[in-house]
Amino acid sequence: MHRRHFVKLSATSMAALLISRITYAEGNGRLMNHPDEVWTSTGSDWFQLKSSGGSVFTNKGIEVSIKTEGNAKGVYALSPAAPLSGIRLKWKHQVAPDTKVLGDSFERTYGDAAWKAPDANNKNPWYVLLYDEKQTACFGVKTGCNTICWWTVGNNSLELTLDTHSGGVGVQLGQRQLHAADIITTESNATETPYATNHRFCKLMCEKPRLPKQPIYGINDWYFAYGNNSAKLIRETTATMAELVTDTNNRPFSVIDAGWAQYSPLLPGDGGWNEDFSKPNDKFKDMHVLGDEIKKLGMRPGLWMRPLCARHDEKANLLAPKIPGRDDPKNPVLDPTIPENIARIKQCFTVYKQWGYEMVKHDFSTYDIMGRWGFEMKDSLTSPGWSFNDKTKTNAEIINHLYYSIREAAGENIYVIGCNTMSHLSAGIFEMCRIGDDTSGHEWARTRKMGVNTLAFRLSQHNAFYAVDGDCVGLTTQIPWEKNKQWMQLLAESGAPLFISAQPEALGAEQKAFIKDCFAKATKVQRVGEPLDWLTNPLPTKWKLDNKEVNFDWS
């Protein structure tokens, strides 16, 4: 190596070297090189495929091909005989030990998002960023893919795993070719911060986001009622909060959370779970009338539902099999691969449109399908050895079909919020995504962990994938106002949706005046906020909001 070449390389960032090693320039962007190795699994073991022409890899009757498609590389799989459990692509390259790595989450975050050291055992769902103090390299898959994907970064390699399970076993593709995912990459330019690069990369991964026509804000009853709600309570809180609204051209939403739907007769109404989300219980009686009353008070009606919740006396052939995490006899779950169940879910949305509701928040679908929360998917996505009624679709395809069915049924007049949804699969389908686990009306530490951390590390997805919902301000007498006031300010000035769950007893003159000001900010289009110390602080205290630096105290 010539000395001048060595000096040139020494001055180049390791992220830039990584990009140059495993990608190549094409048009105005870059494309991934073919992987150094391709592996597949048809059970518990992985075996390597052999290259036959550079872009096609085969072994044991399985074929993986990689095709250039615009600004991405498409990954396709054929496995006509063996059930296919996964595909793994590997690019060999040394990663500098001081490189920082940031991945996404399968569904919501759980207060665990942070820049971390490279670790080959750590899954980075959907996409990963590598930052070396000079440049940011980004690797991901486009939204709406047909496999559940994650990246791993070790000292000597970058790997992408595409999970093709159907339930807890390999998918039975037959003669069908699976379009598994589209791989996309980019790097930072000379003026971008890692945050700005992340935001731009999200736009590359989701070419057609479905976004609200105006900024979203409003109220929700969960964090002070916790299911102990009623039509009377909704009317009263809506009337109180509607007095604080100043923009009549963009009305806020009043979202009725869990507690409105018909209960199972096996469970008491004060502690049981809703089971029929097409019918109200006795505390609400007529949801159409309540929706009209909310509109007359100056807000837009919304509600919460759990699409895969089955009735207590459901026919056994409509239920998903019992597995760990999905084995409570009081909470049976519908199999989403059975057309009759999808038709029932769509009928619920038909009813909501007839009632005049303009927002629906659907919840629990990832847990109901996989039997696990996102933070429990470190070793595997679900329990092994089980299957849905339809064994020919991957879990991602099953989830995609559920989401598209909900979207079709909701139509153009209902905004849809996905909660506990697979983030990368919901992008482009739903207008909003609850990006983190629940905040709290009881514990400030939980709001700080689930709210502040989540917003800091997923706000870059705002208006790129969907409108990001960092969850509510649980404004109650149990949480100090000086803490909730800061959380409310951050949401109101971040450019993302603002939802407030306000206990009537916690609303004094100061709180009402501040809410009125925050509503006035949240109703307008704003520059998306940016956490300034997120590279080193998982609970950033320094933010750029409206192009000004703002400091918070989350302690």
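The values are calculated or read from the model by the stated rules, or taken from the named source; none is laboratory data. This structure is a prediction, so every number in the text was calculated from the model and none was measured. All Cβ positions, glycine included, derive from the backbone under ideal geometry; neighbour counts span all protein chains shown. Side chains are part of the model used for accessible areas, which takes the heavy atoms of the whole protein and leaves out ligands, DNA and RNA. Shrake-Rupley method; radii C 1.70, N 1.55, O 1.52, S 1.80 Å.
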Considering region 84-125 alone, what residues qualify as being more than 27 Å from Leu455 (Cβ to Cβ) and either open to solvent by less than 50 Å² (accessible area, probe 1.4 Å) or hydroxyl-bearing (Ser, Thr, Tyr) (or both)? Leu84, Ser85, Gly86, Ile87, Leu89, Lys90, Trp91, His93, Val95, Ala96
Looking only at region 189-207, count every residue that is polar (S, T, N, Q) and in contact (Cβ under 8 Å) with a residue 60 or more places away in the chain and tell me the total. 3
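For the condition of a type in the set (Ser, Thr, Tyr), modelled with pLDDT under 95 and either over 30 Å from the mean Cα position of the chain (by Cα) or open to solvent by less than 10 Å² (accessible area, probe 1.4 Å) (or both), what is the one hit in Thr238, Thr248?
Exactly one of Thr238, Thr248 is of a type in the set (Ser, Thr, Tyr), modelled with pLDDT under 95 and either over 30 Å from the mean Cα position of the chain (by Cα) or open to solvent by less than 10 Å² (accessible area, probe 1.4 Å) (or both), namely Thr248.
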If I go through region 469-528 residue by residue, how many of them are in contact with a Leu (Cβ under 7 Å, 6 or more places away or on another chain) and open to solvent by 60 Å² or more (accessible area, probe 1.4 Å)? 2
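For Pro321, state whether it is closer than 24 Å to Ser405 by Cβ and in contact (Cβ under 8 Å) with a residue 60 or more places away in the chain.
Values: closer than 24 Å to Ser405 by Cβ: yes; in contact (Cβ under 8 Å) with a residue 60 or more places away in the chain: yes.
So Pro321 fits the description; yes.
Name the single residue, out of those in region 131-144 being open to solvent by less than 10 Å² (accessible area, probe 1.4 Å) and in contact with a His (Cβ under 9 Å, 6 or more places away or on another chain), that is farthest from Met370 (Cα to Cα).
Quick first cut of region 131-144, residues open to solvent by less than 10 Å² (accessible area, probe 1.4 Å) only: 136-141.
Applying the additional criterion that residues be in contact with a His (Cβ under 9 Å, 6 or more places away or on another chain) yields 140-141.
Working: Gly140: 23, Val141: 21 Å.
So the residue we want is Gly140.
Report yes if Glu192 is within 30 Å of Gly86 (Cβ to Cβ) and open to solvent by 10 Å² or more (accessible area, probe 1.4 Å), otherwise no. Don't jump to the end; show me each part of the working.
Numbers: within 30 Å of Gly86 (Cβ to Cβ): no; open to solvent by 10 Å² or more (accessible area, probe 1.4 Å): yes.
Spelling it out, it is not the case that Glu192 is within 30 Å of Gly86 (Cβ to Cβ) and open to solvent by 10 Å² or more (accessible area, probe 1.4 Å).
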What about Gly53, is it farther than 22 Å from Met205 by Cβ, surrounded by fewer than 14 Cβ atoms within 10 Å (Cβ to Cβ) and out of contact with any strand residue (DSSP E or B) (no Cβ under 7 Å at 6 or more places or on another chain)? yes
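Conditions tested, residue by residue: (1) part of a strand (DSSP E or B); (2) under 22 Å from the mean Cα position of the chain (by Cα); (3) at pLDDT 95 or above.
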site	(1), (2), (3)
Thr161	yes, yes, yes
Gln175	no, no, yes
Ile184	yes, yes, yes
Ala196	no, yes, yes
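Kindly check whether there is at least one residue in region 75-83 that is open to solvent by 30 Å² or more (accessible area, probe 1.4 Å), of a type in the set (S, T, N, Q) and in contact (Cβ under 8 Å) with a residue 60 or more places away in the chain. Full working, then the answer.
Of the residues in region 75-83, the ones open to solvent by 30 Å² or more (accessible area, probe 1.4 Å) are 78, 80-83.
With the extra rule that they be of a type in the set (S, T, N, Q), the set shrinks to none.
No; the residues of region 75-83 include none that is open to solvent by 30 Å² or more (accessible area, probe 1.4 Å), of a type in the set (S, T, N, Q) and in contact (Cβ under 8 Å) with a residue 60 or more places away in the chain.
Let me confirm something: among Val128, Val169, Val153, which residue is under 21 Å from the mean Cα position of the chain (by Cα) and either under 27 Å from Asp437 (Cβ atoms) or open to solvent by 10 Å² or more (accessible area, probe 1.4 Å) (or both)? Full working, then the answer.
On the way: Val169 fails: under 21 Å from the mean Cα position of the chain (by Cα); Val153 fails: under 21 Å from the mean Cα position of the chain (by Cα).
Just one listed residue meets the conditions, Val128.
Condition (residue is closer than 30 Å to Thr421 by Cα and either surrounded by 20 or more Cβ atoms within 10 Å (Cβ to Cβ) or out of contact with any strand residue (DSSP E or B) (no Cβ under 6 Å at 6 or more places or on another chain) (or both)) applied to region 59-67: is it met by at least one residue?
yes
Which of the following residues is closer than 24 Å to Ile417 by Cβ and in a loop (DSSP other than H, G, I, E, B): Gly302, Gly298, Gly291?
Sole residue among the options that is closer than 24 Å to Ile417 by Cβ and in a loop (DSSP other than H, G, I, E, B): Gly298.
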